[in-house]
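Encoded as structure tokens, the structure appears first; notes follow it.
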Amino acid sequence: MAACDALLRTTAVHEAGHCALAVLMGRRILFASVDPVGNTLGRIVFAERTVLNVRDHREVEREAALHLAGFAAEMILDPHSVATGCRDEVMYAYQLATEIGHGRSGFVRLVHRTTRALVAIWPTVLILAIELERRGRLEGRVVRQLIRRELGLRGGAGARGARTRNRFLSCRNNYVSLH
């Protein structure tokens, strides 16, 4: 595989991780793209702009997890070759976590919880990444449809879909309540 193909695949997985966790958290996505713009290789644009209430620790923790999702997806894909573009997102997530009183160990727990959430729905993340890589850009409606279809959230998807859906809902409950 050529270096640029590997970079495109890694970028697609990174953005798919953000998309999957955003849907898990109920955030609306306008679009996701792996087309380079400026100094970014990919991006996600949300339907609403989030103004964080720093007094709401759950909200801040969820936002930090959302910023960690691309890094977590890359770590699942290949722990030995995480792109340097993740650094800013990870640093921002760390800053958010420390602002609400999490120390280093609390931040590490957040990274692990984010990674576990993506592992639970990993086949769906990969399918989303493949579509992003193939098309270059996905509208938010398409992202939601792909995730719902793959997780069997509409209609009968058989036993595999039911198991994946249950893992998804378990992770979603974890992120909604943040126990």
(message) Anything in the range 128-147 that is surrounded by 16 or more Cβ atoms within 10 Å (Cβ to Cβ) and either part of a helix (DSSP H, G or I) or at pLDDT 95 or above (or both)? List them, or say none.
(response) LEU128, ALA129, GLU131, LEU132, GLU133, GLY140, VAL142, VAL143, ARG144, LEU146, ILE147
(message) Return the residues of the range 27-54 that are assigned to a loop (DSSP other than H, G, I, E, B) and more than 20 Å from TYR92 (Cβ to Cβ); say none if nothing qualifies.
(response) ARG28, VAL34, ASP35, PRO36, ALA47
(message) For the range 55-66, check the following and say yes or no: at least one residue is part of a helix (DSSP H, G or I), farther than 23 Å from GLU139 by Cβ, under 13 Å from the mean Cα position of the chain (by Cα) and not charged (D, E, K, R).
(response) yes
(message) Checking the structure you have, find out if any residue of the range 15-26 is within 13 Å of the chain's Cα centre (by Cα), farther than 26 Å from GLY103 by Cβ and in a strand (DSSP E or B).
(response) no
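If you go through the range 70-87 one residue at a time, do you hit one that is farther than 20 Å from ALA6 by Cβ and crowded, with 19+ Cβ neighbours inside 10 Å?
No, the range 70-87 contains no residue that is farther than 20 Å from ALA6 by Cβ and crowded, with 19+ Cβ neighbours inside 10 Å.
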(message) Step by step: first the residues of the range 10-39, then only those that are touching a Ser or Thr at 6+ places or on another chain (Cβ under 9 Å) and free of Cβ contacts under 8 Å to residues at least 60 places away in the same chain, then the one that is surrounded by the most Cβ atoms within 10 Å (Cβ to Cβ). Which residue is that?
(response) ARG27
(request) State which residue is farthest from LEU21 (Cα to Cα) when the search covers only the range 80-115 and only residues that are touching a residue at least 60 places away in the same chain (Cβ under 8 Å), touching a helix residue (DSSP H, G or I) at 6+ places or on another chain (Cβ under 6 Å) and of a type outside the set (Ser, Thr, Tyr). (result) ALA83
(message) Could you tell me how many of the residues in the range 67-111 are part of a loop (DSSP other than H, G, I, E, B) and farther than 16 Å from ARG43 by Cα?
(response) 9
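Looking for whichever is of a type in the set (Lys, Arg) and in contact (Cβ under 8 Å) with a residue 12 or more places away in the chain here; the options are ARG49, ARG43, ARG55. Which one fits?
Numbers: ARG49 fails: in contact (Cβ under 8 Å) with a residue 12 or more places away in the chain; ARG55 fails: in contact (Cβ under 8 Å) with a residue 12 or more places away in the chain.
So the residue among ARG49, ARG43, ARG55 that is of a type in the set (Lys, Arg) and in contact (Cβ under 8 Å) with a residue 12 or more places away in the chain is ARG43.
The values are calculated or read from the model by the stated rules, or taken from the named source; none is laboratory data. The structure displayed is predicted, hence computed values, not measured ones. Ideal geometry is used to build each Cβ from the backbone, glycine not excepted, and the neighbour counts take in all protein chains shown.
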